[in-house]
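Readers should treat all values here as calculations from the given coordinates under stated rules, not as data from a laboratory. Since the model is a prediction, treat every value here as computed from it, not as a measurement. Methodologically, a virtual Cβ is constructed for each residue, glycine included, from the backbone with ideal geometry; neighbour enumeration extends over all protein chains shown.
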Amino acid sequence: MVSRPKLAHNQDYRHQKFKVLNKHVIWLSKVISRHIYVTGVYMALGLFSLLESLVLMLNAICILHEKRFLSKIGCGRTDNEYSPPTTVKYQFLTFIHSIRTVMRGVNIAMIVFKLVFG
């Protein structure tokens, strides 16, 4: 009886494991693609998904109340603010104030788009 080297046996075993794993991956991809075809659900990262996530993140920033939340963490505006307008904190607060009005129109457009096109 001829004995094979242990390394060859391990390589053969790995090859068999890979074949079985590959077979399961192919089967799973067929099941998922069949499910997507039947249900019509496509989960893709598209341009609209990126735009929608950007709008949601901006909404999360815009709903921060200045007196209740931002002043507690030291980012609220005060009447006697001594920091120059070039600081990052001041620019962040200016950004929040300027984007709130624009976001109302963007939110309305997104809602109408989602209602019309799904």
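Once the piece of chain linking Leu51 and Val116 is laid out straight, how much longer is it, given 0.36 nm per residue of separation minus the C-alpha distance between them?
Working: separation 65, 0.36 × 65 = 23.40 nm, distance 1.69 nm.
So the extension gain works out to 21.7 nm.
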* Ordering of 88-100, 104-116 by packing [mean C-beta count within 10 Å, highest first] -> 88-100, 104-116
